[in-house]
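The values are calculated or read from the model by the stated rules, or taken from the named source; none is laboratory data. The structure displayed is predicted, hence computed values, not measured ones. FYI the Cβ positions are ideal-geometry reconstructions off the backbone, even for glycines, and counts take in every protein chain you see.
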Amino acid sequence: MRNVVYLILSILVISSCSAKRELLVPVLLEYRLFYPDEARERGLEGTAWVQIRVGEDGKTVDAQLARSSGSYLLDSAAVRTAKTFVFSPARKEEQPQESWVLMPIEFRLHLVDYESWITEVTILQMDIGRDYNSEKEKVDELYELYKQLIYSPAEIRDLSMNDYIRQIVLKSTARLWNGFWSKYPAAIILFIDIVKRYPDSFTSLRARADYNRFLEKETTTIRYTLSSTEADSLINTLLEAVKD
């Protein structure tokens with residue numbers, strides 16, 4: 001079975017504030033990952049080093065790029081990610097201290113098993129239920145899972161993903177792909193599924209905007225892959241799918 005890619009961020013904290021042994025370095029407790037969709041779609045990977053000033057409360061006060069990953073997209077995402085870091089602050093004689101740390105933020109696309117992916121998706125869908133406006137964070141989390149397939153580089157997408165997509169999307173979403181399940185990867189309809197499931201959510205608005213941008217690029221691949229008649233039919237279906 002073919003797998004798809006997802007992202008992880010590996011973090012190492014290196015103290016750059018003091019060589020004195022009595023100064024304990026901060027330890028990372030919380031963070032929010034940012035891996036640009038465009039970077040994932042293009043298969044960009046790399047490591048950016050970020051210098052971070054940690055306040056006495058453990059929150060990031062400032063973050064600056066120290067060494068580039070070689071990609072502006074990843075560098076920007078690394079600094080943005082670093083600004084979300086929450087540490088246990090450095091301490092000297094039990095007193096919290098402001099400190100500096102130098103951290104490598106690594107962006108890597110790794111293989112994830114479809115079975116694990118569909119399990120996570122199903123659990124989240126059940127957790128969210130009908131009252132999705134009270135589960136905003138989980139709706140966002142579900143959308144991030146969807147984007148693991150949507151923004152996987154085109155060259156590694158294959159038709160085996162369709163069996164899993166068909167199991168987790170709404171029936172009305174699945175019907176859009178009738179006639180194409182065995183002909184073209186269906187990842188794009190995951191945008192539509194978010195819009196249909198959670199129509200009044202902010203995540204739905206983001207998914208709609210992301211969908212329109214994605215479809216502009218996907219149209220070229222569809223026309224290259226399918227016959228002209230099939231391509232016209234599928235593209236027209238997708239253009240109409242999220243119209244108000």
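Below is a table of values for the structure above.
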| read-out | value |
| --- | --- |
| Flag for residue 157 being within 16 Å of residue 43 (Cβ to Cβ) and either outside the structural domain of residue 206 (by TED's automatic domain parsing) or charged (D, E, K, R) (or both) | yes |
| Residue 147 being of a type in the set (Lys, Arg), buried (at least 16 other Cβ atoms within 10 Å of the Cβ), in a helix (DSSP H, G or I) and modelled with pLDDT under 95 | yes |
| Qualifying residue in region 96-107 (condition: within 30 Å of residue 193 (Cα to Cα), surrounded by 17 or more Cβ atoms within 10 Å (Cβ to Cβ) and modelled with pLDDT of 90 or more) | no |
| Residue within region 70-80 that is part of a helix (DSSP H, G or I), in the same structural domain as residue 151 (by TED's automatic domain parsing) and among the hydroxyl-bearing types (Ser, Thr, Tyr) present | no |
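Residue-wise test of (1) acidic (Asp, Glu); (2) within 30 Å of residue 127 (Cα to Cα); (3) not in a helix (DSSP H, G or I).
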{"position": "193", "(1), (2), (3)": "yes, yes, no"}
{"position": "196", "(1), (2), (3)": "no, yes, no"}
{"position": "200", "(1), (2), (3)": "yes, yes, yes"}
{"position": "205", "(1), (2), (3)": "no, yes, no"}
{"position": "209", "(1), (2), (3)": "no, yes, no"}
{"position": "215", "(1), (2), (3)": "no, yes, no"}
{"position": "233", "(1), (2), (3)": "no, no, no"}
{"position": "236", "(1), (2), (3)": "no, no, no"}
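Residue-wise test of (1) touching a residue at least 40 places away in the same chain (Cβ under 8 Å); (2) under 29 Å from residue 153 (Cα atoms); (3) small (Gly, Ala, Ser).
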site	(1), (2), (3)
85	yes, yes, no
92	yes, no, no
106	yes, yes, no
109	yes, yes, no
114	yes, yes, no
122	yes, yes, no
127	no, no, no
